[in-house]
Each structure stands twice: as C-alpha cells, then as structure tokens.
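Nothing in this text is a laboratory measurement; each read-out follows from the coordinates by a stated rule. Predicted model only: the values in this text are computed from it and were never measured. FYI the Cβ positions are ideal-geometry reconstructions off the backbone, even for glycines, and counts take in every protein chain you see.
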Amino acid sequence: MIDQFYEGGQLDLAVPDFQSLILPLLQHVADGEQYTLAGSRDVLADLLNLSEDDRKQRLPSGAANLFYNRLAWAKTYLERAGLIEKVSRGVFRISENGLKVLAAPPARIDIAFLQQFPQFAEFRKKGVSNNSAPEATTKAVESDATPEEDLEAAYGRLHDELAVELLSQIRQCHPSFFERLVVDVLLKMGYGGPGDDAGSVTSYGNDSGVDGMINEDALGLDVIYLQAKRWESTIGRPEIQRFVGALHGKRAKKGVFLTTSSFSSDALEYVRTIDPKVVLIDGARLANLMIEYNVGVSTSRVFELKKIDSDYFDSD
C-alpha cells in the first residue's frame, strides 16, 4: 500500500529521523492487515532506498540498530496517538483513526501533528516534568531525535568534556607520573600476566629509549615495551624511529607509544610497514581508554534505561 504515496519520488538515502518514519510506517499498514515491526523493517528500508551501510548503522553506544530503533519509536508514537492498535504481542494494525488520517494524508506526520489527538497530548504532557520550563517542552516537540538518541547525545557531550579535562589534568602532572599512568592503563585493559610485577616503569631519566614494560606472562617471555611522551606538540616519525631502535636493541616484538598530543601522518604511515609491531595511542584515544577502563576517573551517577517486560504481561 505504501508505494502509492511516493509515486515518482526518491527519498534520502540516509537513515531518516524517527518523525520522518511515522507517516511511511502508517502508510505501510494502511491495508488493515496485521503486521510486526520486524517484518516491516526490510520493506520500509527498501522503500527508503537505504544502503547496506545505512541498515547496519547503530546508536553511538552500539546498543541497538539505528534504523530499527527509530522505527520502533515511530510505532510507539502512532500507538500513543491511537492511529495503530495492538492486536497481540508484537502484532499491530491500523486503527479507524489511522485510516481517517490517510484518507487525506498530510505531507508529514510529526509530533506537532500528533498533538491534535487527545490521548497523545496527554501522553506527552505526562512525559514532561512539572518543573520543566516551557521552552524545554517546545524543544522536545521540535527534536528529530528519539529519546534514546537525545540521552546518548547528552552522554557523549559529557564524555567528551571529561576527556578534555583528563588530558588537561595529565599535562599538569610530572612526566614520571605519566609513565606510571600509561602502565596502569595497559594493565587495566587486560595486558600483563599474573603477579604484582606484571607492569613496571623504568627509572626516570634512564630509560634507554623505553619508559615502561608489561610482562604478558609470569616468566616475562613476552614483553610489551612502552614509550610515554607528555607533549603538547605533534609526535613525528623521528621519535617513533628512535623508539623502534630501542625495541630492536631489546629484541622486542611489541611496543606501544603513548602521548598526550598527536602523531604526524608520516609517523602513522611508518608504523604500518615495520617490524616490530608498534601501536600509537594519541591523547584523544588515551583519554577515552582511561574513561572506559576507569583509570583516573570515578562513577558519579548511574542511570538505568528500562522498558516494558512483555513476557511478564503476556504470561497468561
């Protein structure tokens, strides 16, 4: 049924926002038959000309498929407005009100359009805190992001701000502290064998080209050597070559070069072709690893995102 509403048209290849999916989903079920969201996903993806890469996109957290998540929210809003109705668990169909809307279909169905339906308006009203400012409510109505996307975006901003703050803090520390820090990061990531001597820092100022080492086994047969540069300027190829020379001197096969700054394109290209294996970790990646593995950070608050347990309600 849906193709009749898009004669001669081509839609954007990018994954549409969830409000842009509301009308296509309603049109998809316009024949009155019973549908499932899973069964509708590929049909709508084909109609929207989504590429394989578009279909595989996930939320920034990786927790869910982006297109399916947006389609699920479109379905939720249609249900809240009474334009589709639940038949059984996971199964729905268009309602009488939905058919009336499609009798003279608007160019777009979005939150503002759905506000005309009392049950949806009530749902939105209850979803806004009594302490929310009017402009906050307006912003929520105008947003093209799903609530989960808004939450993840806010989390991303806080994460990025923390990463910047971490690097600023590290740059104020003594270089010897930074050397201990990078050892801690590698150990927290799971590198290093058992025992208290899995990771160590060389004597400051007498490192012979390396700043630390990680023993990957109890006997120290497999060792990762570390170089740590608490720099502001870009690390170039000559610095990496000196580190590689130190690795050769120790007959080492693995090395990790970490910095609070960044690496030049020559340095990045150089490590792709050499033996031993050398991994470069710049300031941005280092900060993200510290946050991920809880090095130098602590948990402030935890928010749980919950959803209806359908198994509980369908147990009868």
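Numbers below:
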{"quantity": "Among the listed pairs 188/254; 188/306; 56/253; 100/306, those beyond 27 Å (Cα-Cα)", "calculated": "188/306; 56/253; 100/306"}
{"quantity": "Residue 279 paired with residue 36, simple spin-label distance in nm, labels 7 Å along Cα-to-beta-carbon", "calculated": "4.1"}
{"quantity": "With Cα atoms, 0 to 90° folded angle of helix 66-81 axis to the chain main axis", "calculated": "30"}
{"quantity": "Per-selection metrics, the chain (Cα): Rg and Dmax in Å", "calculated": "27.4, 81"}
{"quantity": "Charge sum, other residues only, whose C-beta stays under 12 Å from residue 214's C-beta, Lys/Arg counted +1 and Asp/Glu -1", "calculated": "-4"}
{"quantity": "DSSP-loop chymotrypsin sites (Phe, Trp or Tyr not before Pro) across region 203-301, with at most 16 other Cβ within 10 angstrom", "calculated": "204, 231, 293"}
{"quantity": "Folded to 0 to 90 degrees: helix 18-28 orientation relative to the chain principal axis, Cα", "calculated": "40"}
{"quantity": "Crossing angle, helix 175-188 versus the chain [Cα axis fit, 0-90 degrees, rounded to tens]", "calculated": "60"}
{"quantity": "Label-point gap, in nm, between residue 99 and residue 221 - each point 7 angstrom along Cα→Cβ", "calculated": "7.5"}
{"quantity": "Computed E for residue 234/residue 49 - FRET, C-beta separation, R0 35 angstrom, nearest 0.05", "calculated": "0.25"}
{"quantity": "Pairwise centroid distance, computed over Cα atoms, of region 28-102 with region 236-290, Å", "calculated": "47"}
{"quantity": "Rotationally averaged projected area of region 163-282 (alpha carbon convex hull; nm²)", "calculated": "7.3"}
{"quantity": "Length-normalised contact order for the chain - Cα pairs under 8 Å, 6+ apart - percent", "calculated": "12"}
